[in-house]
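Encoded as structure tokens, the structure appears first; notes follow it.
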Amino acid sequence: MSTHAKRERLLLADLLEGAGPEAPTLCDGWLTRDLAAHVVVRERRADAAGGLVIKQLAGRLERVQAEFAAKPYEELIRLIRTGPPRFSPYALKQIDEAANAVEFYVHAEDVRRAQPDWTPRVLDPVFADALWSRLERSARLLGRKSPVGLVLRRPDGRTAVARRGTPVVTAVGEPGELTMFLFGRQQQADVELEGEQEAVGRLRGADRLGM
């Protein structure tokens, strides 16, 4: 496992363990137990995890995830910390970093930000740049559901286009906050929206961005 993905994995496991199995998360309808089961199934049950992207397999994914959610919570946490089995594609360092660094960051924040006393997390510059690089490559995909044109801008002025069109709204924030925003956590992301009032209102009222 590579640096960012491994660190975010262990942080997520610690947060899930500390919150306990019945704590809320930002994932609609999921408690921490459900989120932990999702992480384990995604890495260890490729036969079911396909339901994340293939609608025909969604029913199987739901059944398998429910089976894992019924397992002892401590076992789920242990499996997350242990990481994927050797035969899993996620065991390859390049795939682990590409697929899990952002995934685990977002889910760790899903646990943190569902608590009433959460505070912003300051990311180290290297990880912030890694998140931004990922956003630059995936912004068009993640921003396709935006009801208005959408541009992402870091405080240092660097930008990425998430959706072309007019009117345009610019979302300004640190890479971690823009990541949360574009992954559908608009209400919990520390992002400033710039643009025409009506366009900003349409974006704020959108059901959900992201996958």
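Starting from residues that are part of a strand (DSSP E or B) and in contact (Cβ under 8 Å) with a residue 24 or more places away in the chain, keep the ones in region 172-196 and report whichever is surrounded by the most Cβ atoms within 10 Å (Cβ to Cβ). Give the steps one after another, and end with the answer.
Within region 172-196, the first condition is being part of a strand (DSSP E or B), and the residues that meet it are 172, 192-194.
The next check asks that each one be in contact (Cβ under 8 Å) with a residue 24 or more places away in the chain; those that pass are 193-194.
Numbers: Leu193: 18, Glu194: 13.
Filtering region 172-196 for residues that are part of a strand (DSSP E or B) and in contact (Cβ under 8 Å) with a residue 24 or more places away in the chain, the one surrounded by the most Cβ atoms within 10 Å (Cβ to Cβ) comes out as Leu193.
What tally of residues in region 147-163 results from selecting those that are over 23 Å from Ala128 (Cβ atoms) and small (Gly, Ala, Ser)?
Count: 1.
Kindly list, by first and then second residue, each pair from a residue in region 12-25 that is closer than 14 Å to Ile80 by Cβ to a residue that is among the aromatic types (Phe, Trp, Tyr) and surrounded by fewer than 20 Cβ atoms within 10 Å (Cβ to Cβ), limited to pairs with Cβ atoms under 8 Å and residues at least 6 apart or on different chains.
Pro21/Tyr73
Out of Ala199, Ala162, which single residue is within 20 Å of the chain's Cα centre (by Cα), outside the structural domain of Cys27 (by TED's automatic domain parsing) and surrounded by 15 or more Cβ atoms within 10 Å (Cβ to Cβ)? Explain how you work it out, then say what you get.
Details: Ala199 fails: within 20 Å of the chain's Cα centre (by Cα).
Going through Ala199, Ala162 in turn, the sole match is Ala162.
Which of the numbered conditions does Gln187 fail, given that it passes all the others? Conditions: (1) touching a strand residue (DSSP E or B) at 6+ places or on another chain (Cβ under 9 Å); (2) of a type in the set (S, T, N, Q); (3) under 29 Å from Asp14 (Cβ atoms).
Exception for Gln187: condition (1).
Against the definition (within 14 Å of the chain's Cα centre (by Cα), on the phi < 0 side of the Ramachandran plot and in a helix (DSSP H, G or I)), how does Phe127 come out, yes or no? If you could, list the steps in order and put the result at the bottom.
On the way: within 14 Å of the chain's Cα centre (by Cα): no; on the phi < 0 side of the Ramachandran plot: yes; in a helix (DSSP H, G or I): yes.
Answer is no for this residue.
Within the bounds of region 146-165, is there any residue that is closer than 27 Å to Trp118 by Cα, among the small types (Gly, Ala, Ser) and at pLDDT below 95?
In the first step, residues of region 146-165 are kept if they are closer than 27 Å to Trp118 by Cα; the result is 152-156.
Add one more test, that the residue is among the small types (Gly, Ala, Ser), and what stays is none.
Looking for residues that are closer than 27 Å to Trp118 by Cα, among the small types (Gly, Ala, Ser) and at pLDDT below 95, one finds none in region 146-165, hence no.
Conditions: (1) part of a helix (DSSP H, G or I); (2) modelled with pLDDT of 90 or more. Trp118 meets all but one. Number of the miss?
Going through the list (1) part of a helix (DSSP H, G or I); (2) modelled with pLDDT of 90 or more, Trp118 breaks only (1).
Among (1) among the hydrophobic types (A, V, I, L, M, F, W, C); (2) within 20 Å of Glu109 (Cα to Cα); (3) at pLDDT below 95; (4) more than 18 Å from the chain's Cα centre (by Cα), there is one condition Cys27 misses while meeting the rest; what is its number?
Result: Cys27 passes all but (4).
Considering region 105-155 alone, what residues qualify as being acidic (Asp, Glu) and either in contact with a Ser or Thr (Cβ under 9 Å, 6 or more places away or on another chain) or more than 25 Å from Ala5 (Cα to Cα) (or both)?
So the first thing to find is which residues in region 105-155 are acidic (Asp, Glu), and the list is 109-110, 117, 124, 129, 136.
Glu109, Asp110, Asp117 - these are the residues of region 105-155 that are acidic (Asp, Glu) and either in contact with a Ser or Thr (Cβ under 9 Å, 6 or more places away or on another chain) or more than 25 Å from Ala5 (Cα to Cα) (or both).
The values are calculated or read from the model by the stated rules, or taken from the named source; none is laboratory data. Note that the structure is predicted; figures quoted are calculated from it, not measured. For neighbour counting, all protein chains shown are included, and Cβ atoms are generated from backbone atoms with ideal geometry for every residue, glycine included.
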